[in-house]
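Written out below as structure tokens is the structure these notes cover.
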Amino acid sequence: MKVLSRRAALRLAAAGPALAIAGPAVGEEYASAAEVFAAIDTREAEVAARLRVLARAVPAATALAESVLRDHERFRAERAKLRRRLRLEPAPAAFPAPAGVDADLQALREALDRLVYTHAEGLPAVRDPHSVHQLATHMVEHARHLTVVDLWLERERG
Amino acid sequence: MAESRRDALFRVAGLAGLALPVVDLLGGAGARASERLDLEILGAALALEHHAIAIYEHGLERGLFPSGLRDYAVEFRGDHLGHRDTQVALMEERGGRAPAPQRTYHLEGLTSAERLLKEALTIERVAQDAYLRLIGNIRTSDYQLAAAFILVDEVRHATVWKRATGARIY
């Protein structure tokens, strides 16, 4: 679980030795690419579960959910290729749905934030430039989804 | 004819006077990760941050951002100032000398909200594309992590300006 915001982490790096940004205070530290991929799979599955529930409850969310879930499908296929490239075990065929998922836009936002963070914090453990680039490309798309949800929340709050 | 993202990337890179190895990386060439390359990437990223800050300051000082978008512009200028300071710290820690902003960014033509928003979107897309193309070649973990956080900010900025200019965001 992260304990510092992204902006706070960047301020920390600006204020002190750069190593501070990679220290344990920032959030998760990953020891291997396998850990990073497993964390991404889990967090992405949570986002997908929340999106499906939201789309069932809020028809206006259907187009967004369909678009994001299509992106997730592509990312899973690309991660499977990266796993082979890095000689990692394949991902499990399915992930258990997280308990207690409801149609909560704020909770979806938080799940997306965790997913984006997992990518960012995981990149240094991957160590292969091609795989880093590919996962960063996925992170960009997740960050875009996060911003879309942010804008939706802002509109709802008026 | 509208400028492509790739053309915009190289136009801004040319304005910033980026080091040749970085320009090659932006063009898709490979390179061996090294401390020297990290410093050149930091220099390139700083040049983009200076350019972005100049655009936001130009728009904010002249009141060109529409009232509903001004808060975003203030937020994003703050982000870019943070990115600049982070990367100056990283560069100096490695014994490098951070590049100063250019004397001028030739922004005189940005005299309307429409043109300003278009240019803000362009610089954010350029920054997003540049960080994305360079991030795999960063050798040190601390800078790679900082670059990832910065990249996430650039995506947020670009997505907000895309919506403001009427483009689809999903």
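A short reminder: the numbers here are calculations on the coordinates, not readings from a lab. Note that this is a predicted model, so its numbers are computed, not measured. Because the Cβ atoms are built from the backbone with ideal geometry, glycine has one as well, and the counts that use them run over all protein chains shown.
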>> Debye calculation, C-alpha points only, no solvent: report log10 I(q)/I(0) for the range A:109-153 at q = 0.19, 0.23, 0.27 Å⁻¹, in the same order as the q values.
In response: -0.55, -0.72, -0.88
> Between rounded, prolate and oblate, where does the protein assembly as shown land on the alpha carbon gyration tensor, with a ≥ b ≥ c its root eigenvalues, rounded for a/c under 1.5, else prolate if a/b exceeds b/c?
Replying inline: oblate
> What value does the range A:25-158 have for Rg/Rh, both radii from Cα atoms and Rh as Kirkwood defines it?
Replying inline: 0.97
> Label points 7 Å out from Cα along the Cβ direction at residue A:156 and residue A:103: separation in nm?
Replying inline: 1.1
> What are the extents of the Cα atoms of the range B:1-153 along their three principal axes, listed from largest to smallest and rounded to whole Å?
Replying inline: 45, 34, 28
> Sequence-distant or interchain residues sharing an amide H contact under 5 Å with residue B:139, placed H: which?
Replying inline: B:34, B:38
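Can you give the mean number of other chain Cβ atoms that lie within 10 Å of the Cβ atoms in peptide A:137-145?
On the way: counts 3, 0, 6, 10, 2, 2, 10, 9, 4.
Neighbouring Cβ atoms belonging to other protein chains average 5 per residue here.
Based on Cα coordinates alone, diagonalise the gyration tensor for the range B:81-142, multiply each eigenvalue by 5, take square roots, and list the semi-axes in whole Å, largest first. Each step should come with its number before you reach the end.
Details: eigenvalues 157, 53, 16 Å².
Equivalent-ellipsoid dimensions as semi-axes: 28, 16, 9 Å.
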>> I'd like the per residue volume of the convex hull spanned by the Cα atoms of the range B:131-170, given in cubic angstrom.
In response: 62
>> Regarding the range B:10-57, what's the average projected area of the Cα-atom convex hull, expressed in nm²?
In response: 3.3
> Could you give P(r) for the range A:78-118, binned at 10 Å from zero, as whole percent values over all Cα-Cα pairs?
Replying inline: 22, 34, 33, 10
